Each structure stands twice: as structure tokens, then as C-alpha cells.
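Report on the following structure.
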Amino acid sequence: QVQLVESGGGLVQPGGSLRLSCAASGTIFSIVAMGWYRQAPGKQRESVAIITIGGRQNYADSVKGRFTISRDNAKNTVNLQMNSLKPEDTAVYYCMISTPMETYWGKGTLVTVSS
């Protein structure tokens, strides 16, 4: 059974940094992409950063230049380095791994940006 476990969330002041990590347990075949989504209170879940198995990256306009996604294909881990955090980045962040047959999700980690 595949499980994704996120870590690294927490409280940070505006302008600060956090690094989120996601580790997958279990066997996942034919990964197409890995990434991070977020859901702020009262809002829909949105894509933050995606990285394909070939290394192509896609970022939400709101985080370009501030967030960097990276992955280790062999270890099935994906990370999100978040710099220059803003209060509007406050959300639950979810890890995602997609295959042609299924998309796996973590349970989320809370990031709160506040002074």
C-alpha cells in the first residue's frame, strides 16, 4: 500500500523560509509526475509546483521565483523549498505523485506565515 508522508510545515514569519519534504512508502510504478498542492481556508486546492519524471518543472504564478521543487526518483521523494514566504502562502500543503493509473496524495502539512 502506497503512503505519502509530508514533513517540514510549521509557523514562520513573513519573509522566512521553510522546506517541505515528502517521502513515499510502498511500490509505485510508472511515475509521471510529483508535486505539491495547497489549500487555504475557504479556497479550493491549487497546484503549487509540479516536476515531471523527466525533470520539467511548472510553478503557480504566485510562487515563481520564490519556491523550488526537487525530487529524487530513486527514493520517491519530492521536496519544496519555500523562500520569501508571504501570509497568503498560508495553507495546508499536500504532496502528490501521479501515475497513468492513479494519483496518490499525502495527508498534508500546515504552513502558517504570520508575524
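Of the residues Gly54, Gly65, Gly16, Gly10, which is among the small types (Gly, Ala, Ser) and at pLDDT below 95? So that I can check it myself, show each step before the final result.
On the way: Gly65 fails: at pLDDT below 95; Gly16 fails: at pLDDT below 95; Gly10 fails: at pLDDT below 95.
Sole residue among the options that is among the small types (Gly, Ala, Ser) and at pLDDT below 95: Gly54.
What number goes with the only condition from (1) crowded, with 21+ Cβ neighbours inside 10 Å; (2) modelled with pLDDT under 95; (3) of a type outside the set (S, T, N, Q); (4) not in a strand (DSSP E or B) that Met101 does not pass?
(1)
Being β-branched (Val, Ile, Thr), closer than 21 Å to Val32 by Cβ and assigned to a strand (DSSP E or B) is the filter here; which residues of segment 53-98 pass it?
First, the residues of segment 53-98 that are β-branched (Val, Ile, Thr): 53, 63, 68-69, 77-78, 90, 92, 97.
Right, trim to closer than 21 Å to Val32 by Cβ and you get 53, 68-69, 77-78, 97.
Selection gives Thr68, Ile69, Thr77, Val78, Ile97.
Quick check on segment 37-61: of everything there that is basic (Lys, Arg) and touching a Phe, Trp or Tyr at 6+ places or on another chain (Cβ under 8 Å), which residue is surrounded by the most Cβ atoms within 10 Å (Cβ to Cβ)? I'd like the intermediate steps shown before the answer.
At the first step, the residues of segment 37-61 found to be basic (Lys, Arg) are 38, 43, 45, 56.
Retained after the next criterion (residues that are touching a Phe, Trp or Tyr at 6+ places or on another chain (Cβ under 8 Å)): 38, 45.
Details: Arg38: 23, Arg45: 15.
Checking each candidate, the answer is Arg38.
In segment 40-51, which residues are within 12 Å of the chain's Cα centre (by Cα) and either under 14 Å from Ile97 (Cα atoms) or at pLDDT below 95 (or both)?
Ser47, Val48, Ala49, Ile50, Ile51
Being open to solvent by less than 40 Å² (accessible area, probe 1.4 Å) and of a type outside the set (Phe, Trp, Tyr) is the requirement here; does Arg66 meet it?
Answer is yes for this residue.
Please work out which residue is least open to solvent (accessible area, probe 1.4 Å), limiting yourself to segment 104-115 and to residues that are assigned to a loop (DSSP other than H, G, I, E, B) and either within 14 Å of Val78 (Cα to Cα) or not small (Gly, Ala, Ser) (or both). Step through it out loud before you land on a result.
Residues of segment 104-115 that are assigned to a loop (DSSP other than H, G, I, E, B), as a first pass: 106-108, 114-115.
Adding the requirement that they be either within 14 Å of Val78 (Cα to Cα) or not small (Gly, Ala, Ser) (or both) leaves 106-108.
On the way: Gly106: 10, Lys107: 185, Gly108: 27 Å².
The residue in question is Gly106.
Being among the hydrophobic types (A, V, I, L, M, F, W, C) and in contact with a helix residue (DSSP H, G or I) (Cβ under 8 Å, 6 or more places away or on another chain) narrows it down to one residue among Ala91, Ala49; which is it?
Numbers: Ala91 fails: in contact with a helix residue (DSSP H, G or I) (Cβ under 8 Å, 6 or more places away or on another chain).
On inspection, the qualifying residue turns out to be Ala49.
Inside segment 69-83, can you point out the residues that are touching a residue at least 24 places away in the same chain (Cβ under 8 Å), open to solvent by 30 Å² or more (accessible area, probe 1.4 Å) and either touching an Asp or Glu at 6+ places or on another chain (Cβ under 7 Å) or farther than 17 Å from Leu110 by Cα (or both)?
Result: Arg71, Asn73, Lys75, Thr77.
The values are calculated or read from the model by the stated rules, or taken from the named source; none is laboratory data. Only a predicted model underlies this, so the values are computations on that prediction, with no experimental measurement involved. As a convention, Cβ positions derive from the backbone with ideal geometry for all residues, glycine included, and neighbour counts pool all protein chains shown. Heavy atoms of the whole protein, side chains included, go into the accessibility calculation; ligands, DNA and RNA do not. Shrake-Rupley method; radii C 1.70, N 1.55, O 1.52, S 1.80 Å.
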